[in-house]
Amino acid sequence: MRRAIWLSLLLAAPVTLNAQATGAVIGGLSVSKWAEHLSDVTTSVDTKLGFAVGLELVTPLRHDLAFMPEFLYVQKGASDQDGGTSVTVRLSYLEVPLLFRLNAGHGKTRPFFFAGPFLAAKIGCSISASNSLGESGSADCQDNPDFSIKSTDFGISFGAGIQGRGIAFSARYDYGMANLAVEAPAGQSVNNRSFLFLAHVTVK
């Protein structure tokens, strides 16, 4: 998966170098959960808050269309309640979205829309639990075979934002398509679902 991410960056580099690219530092809030599929029934667990931070390049292609690759550190995961016990799984990813951006309008403040695939490599995974008696604990996912999570993810990102002078704000949805469960029975899968609310500060 890491090879695929580096390959994606190398493929993006010629596009970036052949046009006037605008760089930005981006960061904000992530709101994540898991979608669990079992025998054609889809359920979801509670959301988990985290953050995302990274870099992006906006390279004009033609008219109002631009190529917008990014390199992000993103926290994802999920929370769930089982009786009096609360369990939270925290996942950390290095994520490379390869987005195409469509700018609308030509004023000082203008909307934009974007979509494209993303690739992600898991760099951290931990589990924490607490109960109504005040007892709590945490462990690495590797220490608990019931929470064995695959090291890679991929999917589609899409969203919209507002561009101002030197700063932009956007909201997106990450639709994870990889089955995160290492040894999932036939017909069963677990997928990441995340909303990201980001600020983009232009670097000149």
> Which members of the stretch 99-114 meet the condition of being surrounded by fewer than 17 Cβ atoms within 10 Å (Cβ to Cβ) and either of a type in the set (Lys, Arg) or closer than 30 Å to Asp80 by Cα (or both)?
Replying inline: Lys108, Arg110
>> Filter the stretch 146-177 down to the residues that are modelled with pLDDT under 95, out of contact with any Lys or Arg (no Cβ under 9 Å at 6 or more places or on another chain) and among the polar types (S, T, N, Q) and list them by number.
In response: Ser148
> Restricting the stretch 53-99 to residues that are of a type in the set (A, V, I, L, M, F, W, C) and touching a Gly at 6+ places or on another chain (Cβ under 6 Å), which is farthest from Lys150 (Cα to Cα)?
Replying inline: Leu57
>> So, in the stretch 174-197, exactly how many residues are exposed (fewer than 14 other Cβ atoms within 10 Å of the Cβ) and either under 26 Å from Gly107 (Cα atoms) or not hydrophobic (A, V, I, L, M, F, W, C) (or both)?
In response: 4
> Would you call Leu99 under 20 Å from Phe197 (Cβ atoms) and in contact with a Cys (Cβ under 7 Å, 6 or more places away or on another chain)?
Replying inline: no
> Could we say that Ser30 is closer than 29 Å to Ala181 by Cα, at pLDDT 95 or above and either surrounded by 13 or more Cβ atoms within 10 Å (Cβ to Cβ) or of a type in the set (S, T, N, Q) (or both) here?
Replying inline: yes
>> Any residue in the stretch 55-76 that is within 14 Å of Leu196 (Cα to Cα) sitting within a Cβ distance under 7 Å of a residue that is among the aromatic types (Phe, Trp, Tyr)? List the pairs, counting only those 6 or more apart or interchain.
In response: Val74/Tyr93; Gln75/Phe51; Lys76/Tyr93
> Mind checking which residues of the stretch 98-121 are basic (Lys, Arg) and under 17 Å from Pro69 (Cβ atoms)?
Replying inline: Arg101
>> For the stretch 150-178, give me each residue that is assigned to a loop (DSSP other than H, G, I, E, B), within 15 Å of Trp34 (Cα to Cα) and either small (Gly, Ala, Ser) or under 15 Å from the mean Cα position of the chain (by Cα) (or both).
In response: Met177, Ala178
> Looking at Val96, Val53, Val87, which one is surrounded by fewer than 21 Cβ atoms within 10 Å (Cβ to Cβ), under 11 Å from the mean Cα position of the chain (by Cα) and among the β-branched types (Val, Ile, Thr)?
Replying inline: Val53
> For the stretch 163-173, what are the residues that are among the aliphatic types (A, V, I, L, M) and exposed (fewer than 15 other Cβ atoms within 10 Å of the Cβ)?
Replying inline: Ile167, Ala171
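The values are calculated or read from the model by the stated rules, or taken from the named source; none is laboratory data. Note that this is a predicted model, so its numbers are computed, not measured. Positions of Cβ are backbone-derived with ideal geometry, glycine not excepted, and every protein chain shown enters the neighbour counts.
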